[in-house]
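Scroll down for the structure; my scribbles are underneath it.
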Amino acid sequence: MKTGEIAEFLSAELVGDADVEIDRLAAYSTAKNGELAFLESADAAGKTDASCVIVPESWTGSSDRPVIRAKNPKLTFAKLGPKLHPGWVPPNGYWHETAIVAERDKVRADFIGAYVTIGEGTYIGETCAIHDGVRIGKNVSIKKGTVIHANAVIYDNVEIGSDCVIHSGVVIGADGFGYVRDGAAGYVKFPQIGRVVIEDDIEIGANTCIDRGALGETRIGEGTKIDNMVQIAHNVQIGKRVVIASQTGISGSTVIEDDCVIGGQVGFGDHARVLSGAVIGSQAGILPGKIVRPGVWWGTPVQPLEEYKRQNAHLKGIARLKEEVKALKRQIADLIGKKSD
Amino acid sequence: MKTGEIAEFLSAELVGDADVEIDRLAAYSTAKNGELAFLESADAAGKTDASCVIVPESWTGSSDRPVIRAKNPKLTFAKLGPKLHPGWVPPNGYWHETAIVAERDKVRADFIGAYVTIGEGTYIGETCAIHDGVRIGKNVSIKKGTVIHANAVIYDNVEIGSDCVIHSGVVIGADGFGYVRDGAAGYVKFPQIGRVVIEDDIEIGANTCIDRGALGETRIGEGTKIDNMVQIAHNVQIGKRVVIASQTGISGSTVIEDDCVIGGQVGFGDHARVLSGAVIGSQAGILPGKIVRPGVWWGTPVQPLEEYKRQNAHLKGIARLKEEVKALKRQIADLIGKKSD
Amino acid sequence: MKTGEIAEFLSAELVGDADVEIDRLAAYSTAKNGELAFLESADAAGKTDASCVIVPESWTGSSDRPVIRAKNPKLTFAKLGPKLHPGWVPPNGYWHETAIVAERDKVRADFIGAYVTIGEGTYIGETCAIHDGVRIGKNVSIKKGTVIHANAVIYDNVEIGSDCVIHSGVVIGADGFGYVRDGAAGYVKFPQIGRVVIEDDIEIGANTCIDRGALGETRIGEGTKIDNMVQIAHNVQIGKRVVIASQTGISGSTVIEDDCVIGGQVGFGDHARVLSGAVIGSQAGILPGKIVRPGVWWGTPVQPLEEYKRQNAHLKGIARLKEEVKALKRQIADLIGKKSD
């Protein structure tokens, strides 16, 4: 792609040569000839050998190579990803001969890899790619454009929207963790007969688990992005455009509303509710039933970030406080001593 | 199933019509016609459209539809699970033609899915179901009625009891994490040549890992239930009827005795011991070698729940304590000033 | 192997019969006839039925069976592991007929299991063993002697060194977790087009995830050992001979230098740097951008172990401090009262 074509695709202002050939995206400091990079802020210094740089509108430098002006250079750069790096495009209509598809007339996927198994009653839309060794159960529905990477497992009755990316080792629809204690006899399994709904445009990281609802459903909202090894328990409801970092665990029936940002290794008790727009820091712990309001939160039990920081500062001050109290005791003992003179 | 048959199966008292047809279990608030729900406590209000409700014995309401009285409605409801929702019943004796079974005369499983591989010397009992893509190594023993879901992996020499459920992505019997430092040369692997014993009636959640013993064995006791993504290291001993929630990690040689309840994201150091009946809250941290007595525990390092709560309350009070000390200092300065007048 | 041969292999001093046959390594307290054990320290008491024991040089006891003296008995014992328990040796040149290998002339692995798939352009060195159901993408390079266990997944363009062990369920090379928010429209994926380099002699535990670089590379250094379910994000750089325990998560672009020891369930923010030789305790939390110097660290936010312990001790003392302040208040009120008399 030429710099002129790129600027046109982005509807952005190009300053300089429109005919420079760009092969690849790269980081600013390591970019080489033929690569395009971005400068996150006008102050960011350092050199680049990139053949073209996306710069912020406030940038006032000069350059001997073409630059593209953008309000948000990182976002603009990201939008070039699928254009310059379309990734592996599945050969249209290629189903590996070893793929076992129970009802071929319900499956329209462009690509099905080797040793895939797809159960009865399962529908798969156009332009989907199902990679080697994926297991898809019975009565699953997967809409168009979704990619499922090697060895992921989808249990029966799961519903997956369009344009999702599900990475390797993901397990969707396994039984939730619910038991009722029956005295000395031990645990009786509570029915885990619900299902999972994954809406459109969702990415699910490697080895993440999303359990099906006990009686109802577990639901992940449109545009939500989930990192690796996240645990989403039965009946959890995740809203739209939520971001959840790696190794976070969300217990049964908890609700996370739209546009929340959840750090890594966060733990949610059951039946908690995070209101739209809240941000929760890594390793935080949310008690069962807790309602987390909009704002930035951290710590276990979770509290507003400013309070958490204050508490940490106070904690560091305890040693001095002890010394101060000791000094006061001496002074008072002195005073009392003197008084009784 | 008719309401009368259900009451009979449960040996419970039915009040009302014994001929109402029940198809499905459902939650109280969302149940519809043809569904059976339960009321957890007599106070729980709200309406239901369920065709039959299991109510506590203390319930004194009236109903225009049949109700079943039970001491523990949730437990009673749970017991109906396998009856009303038997799940997918494997076709008796169906082994997919692509399954590779090294010694067919040792394997009696009712169902073996596509692309399964089962190694030499491995025994599998009757009524087992081994789903697509499962890998079972050499000299494994699996007793009757156990179900292993798609793409789970059982390494060599593992012993699994009867009526277990092992979910997708589970890895049982991988090498434990043990090395000895050899100076500048780095790490030498400590032998990981032991095995894993999973007793009867155990459920293991998706993507959980249970390592084999270094020299001895790792053992999970009868009736224990393990959630998704739990880490169980070499030589760990888990007792009977233990519940372990998601993302908890248990280090080498730690012992958890019978009837303990362990929350999610708990971390156990090595060689710790949790005595029978202890309850440990989510995200707690147990130091290596620590003995945890019966009771409820929380925090890192773990402490009795009441102490943990008190400490948290104190923590919140530090700011005020600081103010109080400041005021005392002023008063004393005043007193000393006045005295020296 | 006879005791004499063992001592010779170890270049260690044998005291006693050189002709005792040893079949197996075992733990000191449970070892039986025909087994070899080790005594970690000269003080360690207890009996053993082992046929031979490796003892520390300081050991002054007497024994009716052969003993081998060693500076570090545990290390010496560990070195016997591959000798006495070579594990399953793959049949030379056995490729299962169901293995799908895109370019057979580039693959020299000794063993390829059933239902393995290996993509175009992928090179695999001699004496590698690729177990059942493993997925290896396109343009991957794997050097000699590496073992990949059942159902692990290697995405495209990953580079793996020699003599590595990669356990089941591991996912290497999946997309990193990077998005740019585009206002109300939600998240745009930041390009994840880099790669992963795993150097030589690395072990990676079951279900661990190592994401590829966003634009650059994610790298794991020679001799590093990684436990189960560890998360290693895009662009992370791990040095040589680093040990990382289970369920630890390392965010994007963080650097862990050579010879660090990282506990379990530790969380690293992005762009942190751990200097060579640092030790970080389990469940610690390292803030984004933090530099951790050599020494032992613990807690969230991470702090030197001694400080962390002092803080915990202070925390336990707050209740008493409160009482002391209350007493001081009374005394001062008294003093003031008396004065105004």
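From the list B:PRO91, B:PRO66, the one residue that fits, being more than 26 Å from A:ASN235 (Cα to Cα) and touching a residue at least 40 places away in the same chain (Cβ under 8 Å), is B:PRO66. All conditions but one from (1) open to solvent by 30 Å² or more (accessible area, probe 1.4 Å); (2) out of contact with any His (no Cβ under 8 Å at 6 or more places or on another chain) apply to B:PRO288; the one that does not is (2). The single condition from (1) farther than 23 Å from B:ILE280 by Cα; (2) touching a Lys or Arg at 6+ places or on another chain (Cβ under 8 Å); (3) open to solvent by 50 Å² or more (accessible area, probe 1.4 Å) that A:LEU328 fails is (3).
Residues that are in contact with a Ser or Thr (Cβ under 6 Å, 6 or more places away or on another chain), part of a loop (DSSP other than H, G, I, E, B) and buried (at least 24 other Cβ atoms within 10 Å of the Cβ) within segment C:164-173 comprise just one, C:VAL170.
For segment A:40-63, which positions are aliphatic (A, V, I, L, M) and touching a residue at least 12 places away in the same chain (Cβ under 8 Å)?
Pass one, segment A:40-63, residues aliphatic (A, V, I, L, M): A:42, A:44-45, A:50, A:53-55.
Listed by number, the residues that qualify are A:ALA42, A:ALA44, A:ALA50, A:VAL53, A:ILE54, A:VAL55.
Against the test of being surrounded by fewer than 24 Cβ atoms within 10 Å (Cβ to Cβ), small (Gly, Ala, Ser) and at positive phi, the options C:GLY161, C:GLY186 yield a single qualifying residue, C:GLY186. Of everything listed in (1) open to solvent by 30 Å² or more (accessible area, probe 1.4 Å); (2) in contact with a His (Cβ under 8 Å, 6 or more places away or on another chain), the single unmet condition for B:VAL116 is (1). A single member of A:LYS106, A:LYS79, A:LYS74 is in contact (Cβ under 8 Å) with a residue 40 or more places away in the chain and on the phi < 0 side of the Ramachandran plot, and it is A:LYS79. With the structure loaded, tell me whether C:GLY269 is at positive phi and either open to solvent by less than 20 Å² (accessible area, probe 1.4 Å) or under 20 Å from the mean Cα position of the chain (by Cα) (or both) or whether it fails that test. Answer is no for this residue. Of everything listed in (1) aliphatic (A, V, I, L, M); (2) modelled with pLDDT of 85 or more; (3) within 30 Å of B:PRO301 (Cβ to Cβ), the single unmet condition for C:LEU328 is (3). Considering the conditions (1) farther than 22 Å from A:ILE220 by Cα; (2) touching a Ser or Thr at 6+ places or on another chain (Cβ under 6 Å); (3) open to solvent by less than 10 Å² (accessible area, probe 1.4 Å), A:ILE100 is excluded by exactly one of them, (3).
Restricting attention to segment B:47-66, does a residue exist that is under 30 Å from B:HIS149 (Cα atoms) and outside any strand (DSSP E or B)? The answer is no; no qualifying residue exists. For segment A:318-334, the set of residues classified as at the interface with another protein chain (Cβ under 7 Å from one of its Cβ atoms) and either polar (S, T, N, Q) or under 15 Å from C:LEU315 (Cα atoms) (or both) consists of A:ILE318, A:ALA319, A:LEU321, A:LYS322, A:GLN331, listed by residue number. Quick check on my filter: what residues within segment C:132-164 are farther than 15 Å from C:ARG195 by Cβ, within 12 Å of chain A (Cβ to nearest Cβ), in contact with a Lys or Arg (Cβ under 8 Å, 6 or more places away or on another chain) and of a type in the set (D, E, K, R)? If the condition is that a residue be farther than 15 Å from C:ARG195 by Cβ, within 12 Å of chain A (Cβ to nearest Cβ), in contact with a Lys or Arg (Cβ under 8 Å, 6 or more places away or on another chain) and of a type in the set (D, E, K, R), then C:ASP132 is the only one that fits. Counting the residues of segment B:179-210 that are among the β-branched types (Val, Ile, Thr) and within 7 Å of chain C (Cβ to nearest Cβ) gives 3.
Listed by first and then second residue, the pairs with beta-carbon distance under 6 Å, at least 6 apart or on different chains, first residue in segment B:114-141 and under 20 Å from B:PRO90 (Cα atoms), second open to solvent by 20 Å² or more (accessible area, probe 1.4 Å) and at pLDDT below 95, are B:THR127/B:ASP110; B:ALA129/B:PRO90.
Can you work out which of the residues in segment A:14-44 that are outside any loop (DSSP other than H, G, I, E, B) and not small (Gly, Ala, Ser) is surrounded by the fewest Cβ atoms within 10 Å (Cβ to Cβ)? Ranking the qualifying residues of segment A:14-44, first place goes to A:GLU21.
Selection over segment C:97-110 of residues that are more than 13 Å from chain B (Cβ to nearest Cβ) and not in a loop (DSSP other than H, G, I, E, B) gives a count of 5.
The set of residues in segment C:291-317 being assigned to a helix (DSSP H, G or I) and facing chain B (nearest Cβ under 9 Å) consists of C:ASN312, C:LEU315, C:LYS316.
Residue-wise test of (1) part of a loop (DSSP other than H, G, I, E, B); (2) modelled with pLDDT of 95 or more; (3) at the interface with another protein chain (Cβ under 9 Å from one of its Cβ atoms).
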site: B:ARG212; (1), (2), (3): yes, yes, no
site: B:THR218; (1), (2), (3): no, yes, no
site: B:GLY223; (1), (2), (3): yes, yes, yes
site: B:MET229; (1), (2), (3): yes, yes, yes
site: B:LYS240; (1), (2), (3): yes, yes, yes
site: B:SER246; (1), (2), (3): yes, yes, yes
site: B:GLY252; (1), (2), (3): yes, yes, no
site: B:ASP259; (1), (2), (3): yes, yes, yes
site: B:GLN265; (1), (2), (3): yes, yes, yes
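Within the set C:GLN237, C:GLN265, C:GLN231, the sole residue that is touching a residue at least 12 places away in the same chain (Cβ under 8 Å), touching a Lys or Arg at 6+ places or on another chain (Cβ under 6 Å) and polar (S, T, N, Q) turns out to be C:GLN237.
Anything in segment C:284-341 that is of a type in the set (Gly, Ala, Ser) and under 41 Å from the mean Cα position of the chain (by Cα)? List them, or say none.
Here is the first cut: in segment C:284-341, the ones of a type in the set (Gly, Ala, Ser) are C:284-285, C:289, C:295, C:299, C:313, C:317, C:319, C:327, C:333, C:337, C:340.
Within segment C:284-341, C:ALA284, C:GLY285, C:GLY289, C:GLY295, C:GLY299, C:ALA313, C:GLY317, C:ALA319 meet the criteria.
As for segment C:70-78, it holds at least one residue that is open to solvent by 60 Å² or more (accessible area, probe 1.4 Å) and part of a helix (DSSP H, G or I).
Per the conditions (1) touching a strand residue (DSSP E or B) at 6+ places or on another chain (Cβ under 6 Å); (2) polar (S, T, N, Q); (3) closer than 25 Å to B:CYS260 by Cβ, the sole criterion not satisfied by A:SER253 is (1). Annotation: A:TRP95 fulfils all but one of (1) more than 30 Å from B:HIS96 (Cβ to Cβ); (2) in contact with a strand residue (DSSP E or B) (Cβ under 7 Å, 6 or more places away or on another chain); the unmet one is (1).
The values are calculated or read from the model by the stated rules, or taken from the named source; none is laboratory data. In this text the structure is predicted, and so the values were computed from the model without any measurement. Cβ coordinates were reconstructed from backbone atoms using ideal geometry, including for glycine residues, and neighbour counts include every protein chain displayed. Calculation scope for accessible area: heavy atoms of the full protein, side chains included, ligands and nucleic acids excluded. Shrake-Rupley method; radii C 1.70, N 1.55, O 1.52, S 1.80 Å.
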